[in-house]
Amino acid sequence: MISEKTFANQFSNFWRETLPNLEPVTRSVNLGYSRISDPVRSRNAASRRDLISESGRRLFFKIWEKPGSERAILLEEALLEAAKYLSDGSVEGEYGEFYCDDSEDIEINRLADWLTRYFDRPASSPARIRIPQFKGHGLISSCSGDFEDDDCLIEMKYVSRNFRSHDIRQVIVYSALKYFEDGARFRELRLINPFLGIEFVTNVDELIYSASGVNSLQFFQRLSYAVSSGEISH
C-alpha cells in the first residue's frame with residue numbers, strides 16, 4: 001500500500017499517459033488564481049513550513065471545536081499532534097522532544113487566524129467544515145484531505161512557490177477516491193496557499209478534460225484499473 005501523496009508524486013508513466021496536457025493546465029492554474037490576501041513575511045526557515053502548516057491547520061479546527069478554550073493550550077495540543085503526524089522524517093527530533101520557538105508560534109497562530117477568516121463566509125459554518133476522510137482504493141491506502149466545506153474540497157499548500165502538477169494530481173486522486181467510495185463527486189475543488197495569499201477554484205471535470213480530453217468517469221476507470229490490477233509501474 002502507498003499513500004495518495006506518493007501516488008500523486010510518482011508513477012510518472014501513468015500520469016503522462018492519462019493526463020498528457022497536465023503541464024499546460026498547471027501553467028493556466030498559475031495564471032488564473034485569485035489573490036485573496038497579502039503574502040506572508042516569514043522569519044522562519046522554509047524547512048519548518050510543513051510543521052507550521054500542519055500545526056496551523058490543526059489549531060484552526062481546535063479553535064472552532066473549543067471556542068472558549070485558552071489559545072496557548074490549543075496551540076500546544078496542535079503542535080504535539082502535528083509533530084507526531086510528521087515524525088516520519090519531515091520534522092527533526094523525536095515526538096517527545098519536540099519544541100517550537102516564539103517566531104514559529106506566531107506564524108502558526110497567524111495561519112489559524114487566516115483560515116478562520118477564509119472560512120468565515122455566509123455559505124460556511126463550523127458544522128459543515130471538516131477533514132475529508134477517504135477509504136483508499138487498490139494500492140492507495142486510506143487517507144485524509146485538508147478541508148471539506150459543503151461538498152467542496154479545499155487543499156492547502158503553505159509554500160513560497162506556485163502550484164505544481166503534483167498538487168493538481170493530489171486533488172484529482174481525492175476526487176477519484178470519493179467517487180470510488182460512494183459514486184459522488186465534489187461540487188468544487190479549491191487550491192489555497194495562505195503563504196502567498198492565493199486561491200484557485202475549479203472542478204474535477206474541467207481539470208481532467210483539460211488535461212486529458214476525456215471525461216472524469218473515463219479517467220476514474222483508468223485510475224481504478226491501474227491501482228487495482230498490479231500492472232502499474234513508476
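Just a yes or no: is a residue in the range 48-61 exposed (fewer than 14 other Cβ atoms within 10 Å of the Cβ) and either modelled with pLDDT of 95 or more or out of contact with any helix residue (DSSP H, G or I) (no Cβ under 8 Å at 6 or more places or on another chain) (or both)? Within the range 48-61, not a single residue is exposed (fewer than 14 other Cβ atoms within 10 Å of the Cβ) and either modelled with pLDDT of 95 or more or out of contact with any helix residue (DSSP H, G or I) (no Cβ under 8 Å at 6 or more places or on another chain) (or both).
Somewhere in the range 22-29, is a residue closer than 23 Å to Q133 by Cβ, open to solvent by less than 40 Å² (accessible area, probe 1.4 Å), assigned to a helix (DSSP H, G or I) and aliphatic (A, V, I, L, M)? Within the range 22-29 (the criterion being closer than 23 Å to Q133 by Cβ, open to solvent by less than 40 Å² (accessible area, probe 1.4 Å), assigned to a helix (DSSP H, G or I) and aliphatic (A, V, I, L, M)), the answer is no, since none of the residues qualifies. Considering every residue within the range 93-102, establish whether at least one is open to solvent by less than 30 Å² (accessible area, probe 1.4 Å) and either of a type in the set (D, E) or modelled with pLDDT under 95 (or both). Yes; the residues of the range 93-102 include at least one that is open to solvent by less than 30 Å² (accessible area, probe 1.4 Å) and either of a type in the set (D, E) or modelled with pLDDT under 95 (or both).
On the given criteria, is R222 assigned to a helix (DSSP H, G or I), surrounded by 13 or more Cβ atoms within 10 Å (Cβ to Cβ), touching a helix residue (DSSP H, G or I) at 6+ places or on another chain (Cβ under 8 Å) and of a type in the set (K, R)? Yes, satisfied.
Look at the range 132-158: where a residue is over 20 Å from D120 (Cβ atoms) and charged (D, E, K, R) and a partner is open to solvent by less than 20 Å² (accessible area, probe 1.4 Å) and in a strand (DSSP E or B), sitting 6+ places away or on another chain with Cβ atoms under 6 Å, you get K157/N193.
Looking only at residues of the range 166-212 that are assigned to a helix (DSSP H, G or I) and surrounded by fewer than 18 Cβ atoms within 10 Å (Cβ to Cβ), we find that the one that is modelled with the lowest pLDDT is D182.
The values are calculated or read from the model by the stated rules, or taken from the named source; none is laboratory data. Bear in mind that the values here come from a model prediction, so they are computed numbers and not experimental data. Note: ideal-geometry Cβ built from the backbone for every residue, glycine included; neighbour counts use all protein chains shown. Side chains included, ligands, DNA and RNA excluded: accessible areas come from the protein's heavy atoms. Shrake-Rupley method; radii C 1.70, N 1.55, O 1.52, S 1.80 Å.
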